[in-house]
Amino acid sequence: MSVPAHDLKLSIDEYLQLEKSSACKYEFVSGRVFAMGGASQAHDALVINLTLMLGPGVKAAGCRILSSDMKVKVESTNSFYYPDLTISCENFSAKGVFISSPCLVVEVLSPSTTDIDRREKLLSYKTIDSLNEYMIVYQDQRRVEIYKRASLDWDVYVFQEKDSFELSPRSNIRLNVSLDELYSGVVD
C-alpha cells in the first residue's frame, strides 16, 4: 500500500494495513494519517529517565510500561496515537498492535507537536475511561504538567525546577517522580 495523502480518508482497517507494510509510523485521526517525525536526544533521554524511574513500581503492580512504538486507540475520536510512554494494566497480547485502556499517557513536547499534545491529544485522551493521568513533559525547561481525573472533571498540576510529585494512575500504583532525576543529563 502506498503512503496516503493527508486529504485521503482511510478506514481503520486500511490504516492498520498501512502500518503493517510501512517503514514509517503514522498517527490516525478521524480517517486521516500523519507521519511521525524523529526525536531529539533530550526527548529520548527524558523518556528513558522516566521509564527507569517508573518501571519497578509499574511492574510490581502487575502492569507494564509501553514505548512510543505502541499505539493507543481512542475510540471516541476514531484516532490512534503514539504516546511517548504509556502505562497499561490491560491483558497482554503478544500480537497486539495497539492498546485501548491505558491508565497513564505521557507526551514529551517537541516544537512541532506542542499544540497537538496540549489541545487535540489532551481532549482526546480525556475521553478514555481507563485513563486517570495525562503527563506533559517539557524538554527545554524543567516543567511537567499532570492532568488528573477528578470526580467531575480533570485537575491540572504544574511542577517545576526541583519539585517532586506522585503519580497514581491506578489505586494500586504510587510512583514518585523527582524533576532532578527526570531531567538528569538533559536540562540543568
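The values are calculated or read from the model by the stated rules, or taken from the named source; none is laboratory data. Nothing here was measured: the structure is a model prediction, and the numbers come from that model. Don't worry about glycine lacking a Cβ; one is built from the backbone with ideal geometry, like all the others, and counts go over all protein chains shown.
Of note:
- Residue 46 being in the same structural domain as residue 102 (by TED's automatic domain parsing), of a type in the set (A, V, I, L, M, F, W, C) and surrounded by fewer than 18 Cβ atoms within 10 Å (Cβ to Cβ): no
- When region 67-78 is limited to residues that are outside any strand (DSSP E or B) and of a type outside the set (D, E, K, R), the one that is surrounded by the fewest Cβ atoms within 10 Å (Cβ to Cβ) turns out to be 76.
- Exactly one residue among 170, 142, 174 is in the same structural domain as residue 114 (by TED's automatic domain parsing), in contact (Cβ under 8 Å) with a residue 60 or more places away in the chain and touching an Asp or Glu at 6+ places or on another chain (Cβ under 7 Å), and that residue is 174.
- Qualifying residue in region 48-68 (condition: touching a helix residue (DSSP H, G or I) at 6+ places or on another chain (Cβ under 8 Å) and more than 30 Å from residue 180 (Cα to Cα)): no
- Residues being free of Cβ contacts under 8 Å to residues at least 60 places away in the same chain and either outside the structural domain of residue 91 (by TED's automatic domain parsing) or among the small types (Gly, Ala, Ser) (or both) - total across region 102-123: 0
- Checking residue 52 against (1) surrounded by 14 or more Cβ atoms within 10 Å (Cβ to Cβ); (2) assigned by TED's automatic domain parsing to the domain that holds residue 177; (3) aliphatic (A, V, I, L, M), the condition it does not meet: (1)
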